[in-house]
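My structure is below; once you've seen it, I'll send some questions.
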Amino acid sequence: MLSPKRLAVFRELAERGSFTAAAEALSYTQSAISQQISTLERETGAILIERDRKRARLTEAGEILLGHADAILGRIEHAERDLSGYLQARSGRFRLAAFESAGAALVPIAVAGFHARHPDVELNVVQMEPVEASTRLENRQLDLAIVYDLQPATGALGEELELTRLLHDRYTAVIPREHRLAGKGVIELSELADDVWINTTERDLCHEIILSACRAAGFEPQVAFEVDEIATSQALIAGGSGVTLLPSLALGRRHRDVVVAPLGDAAPVRSIYAARLSTRYATPACEAMLSILGDGARLADSG
């Protein structure tokens, strides 16, 4: 196999036209240049340089090799620039997934921060529920995902993931403004046992969180509506069609005709994480996004 180092020496010699000039340009001795060229000639099985006292001239074989040397060394230099840019988060692509409420509360801050620090990295963001995002991470279709799980963990997230906790998100009851408990303040979940309920669909991890909380409070909720969109759920509640539980992060845009009622110590709590595949190298871009998400989570938590 041809040595890139010897090809570089050969190209320098061809451009300079003498062993002395090539040695000076590369900070080598003339003897070292001569040894590199002799080794290259043994590797190729061809005489590449015609030597005399004044000049070093290329043979026909040398002319052929020079054309390839320029292409080979050019590709190597290009690869080194690309790799350096990637390793310093100056280039490449980064793929992030987030569930709906994190998309509204955390992603805009993260995107703005990432673009400010790494404007040349292509950033792709997709909305996705945690279970699907976990599968995409394991299949190497994502670099990072914002996911959540109940406390204690349900085991719905993949075992191959490395989870960095961003914040705790407490669930609250969301009821119509005209509800009988609207002015009470803190309520017991069991007080909503006779109400009509709105839940998410089964593909959403919140589905099981709501069912588990109600069952722990001693009743099976009468679910009449299954919707995944937070705005639709709040609109139904505002119209008096039912009640539900929503995490605090999902209430950044609150409908004016709903009331958020705290549940006290019995409220379910979910943990929100930044998840990555544990067996995959954490690139500088990934480390940067983790840092930015941590800052954004602290801001959201304090707000």
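For segment 105-209, what class follows from the C-alpha gyration tensor (a ≥ b ≥ c being the square roots of its eigenvalues): rounded when a/c is under 1.5, otherwise prolate if a/b is larger than b/c, else oblate?
Verdict is prolate for segment 105-209.
In angstroms, what radius of gyration and Dmax does segment 219-303 have, counting Cα atoms only?
When restricted to the Cα atoms of segment 219-303, Rg and Dmax are 17.4, 50 Å.
Ranked highest first by average number of other Cβ atoms within 10 Å, how do 246-255, 268-277, 113-122 line up?
268-277, 246-255, 113-122
Nearest 10 degrees is fine. How inclined is helix 60-87 to the longest principal axis of the chain, computing both from alpha carbons?
Between helix and principal axis, roughly 30 degrees.
At 222 nm, what value in deg cm²/dmol follows for the chain if DSSP H runs of at least 4 each add -39500 (n - 2.57) and the sum is divided by all its residues, to the nearest 500? Please report the intermediate quantities before stating the final value.
Values: 10 runs with 129 residues, N = 303.
Estimated from H runs of four or more residues: -13500 deg cm²/dmol.
OK, next. With θ set to phi - 60°, apply the Karplus curve 6.51 cos²θ - 1.76 cosθ + 1.60 along segment 2-16 and write out the HN-Hα couplings as whole Hz, x wherever there is a Gly or Pro.
Taking θ as phi minus 60°, the curve returns 5, 8, x, 4, 5, 5, 5, 5, 4, 5, 5, 5, 5, 6, 7 Hz for segment 2-16.
Got a sec? Charge dipole of the chain, +1 on Cβ for Lys and Arg, -1 for Asp and Glu; which of Leu277, Leu251, Gln30 is way out at the positive end?
Toward the positive end, the furthest listed residue is Gln30.
Return one number: the angle in degrees, 0 to 90 and rounded to the nearest 10, between the long axis of the Cα atoms of helix 107-117 and the longest principal axis of the Cα atoms of the chain.
Tilt of helix 107-117: around 20 degrees.
So if I place +1 on the C-beta of Lys and Arg and -1 on the C-beta of Asp and Glu, and nothing else carries charge, what would the dipole magnitude of the chain be about its Cα centre? I want it in debye, nearest 20.
The calculated dipole for the chain is roughly 1320 debye.
If you scale each eigenvalue of the Cα gyration tensor by 5 and take the root, what three semi-axes come out for the chain, rounded to whole angstrom and sorted largest first? Please list the in-between numbers first.
Numbers: eigenvalues 912, 54, 39 Å².
Gyration-tensor ellipsoid for the chain: 68, 16, 14 Å.
Follow-up question, since we're still on this one. Order the following by accessible area, largest value first: Lys184, Lys54. Probe radius 1.4 Å; ligands, DNA and RNA are ignored.
On the way: Lys184 105, Lys54 180 Å².
The residues order as Lys54, Lys184, largest area first.
For segment 239-279, what's the radius of gyration and Dmax over Cα atoms, in angstrom?
For segment 239-279, the Cα-based Rg and Dmax read 14.8, 49 Å.
With 5 Å bins from zero, work out the P(r) of segment 1-150 over every alpha carbon pair and list the percent per bin.
2, 8, 14, 13, 10, 7, 5, 6, 6, 7, 8, 7, 5, 2, 1, 0, 0
The values are calculated or read from the model by the stated rules, or taken from the named source; none is laboratory data. Treat the numbers as computed from the prediction; the structure is a model and nothing was measured. Here the Cβ is made from the backbone with ideal geometry for all residues, glycine too, and neighbour counts use every protein chain on show. SASA here: full protein model, heavy atoms, side chains in, ligands and nucleic acids out. Shrake-Rupley method; radii C 1.70, N 1.55, O 1.52, S 1.80 Å.
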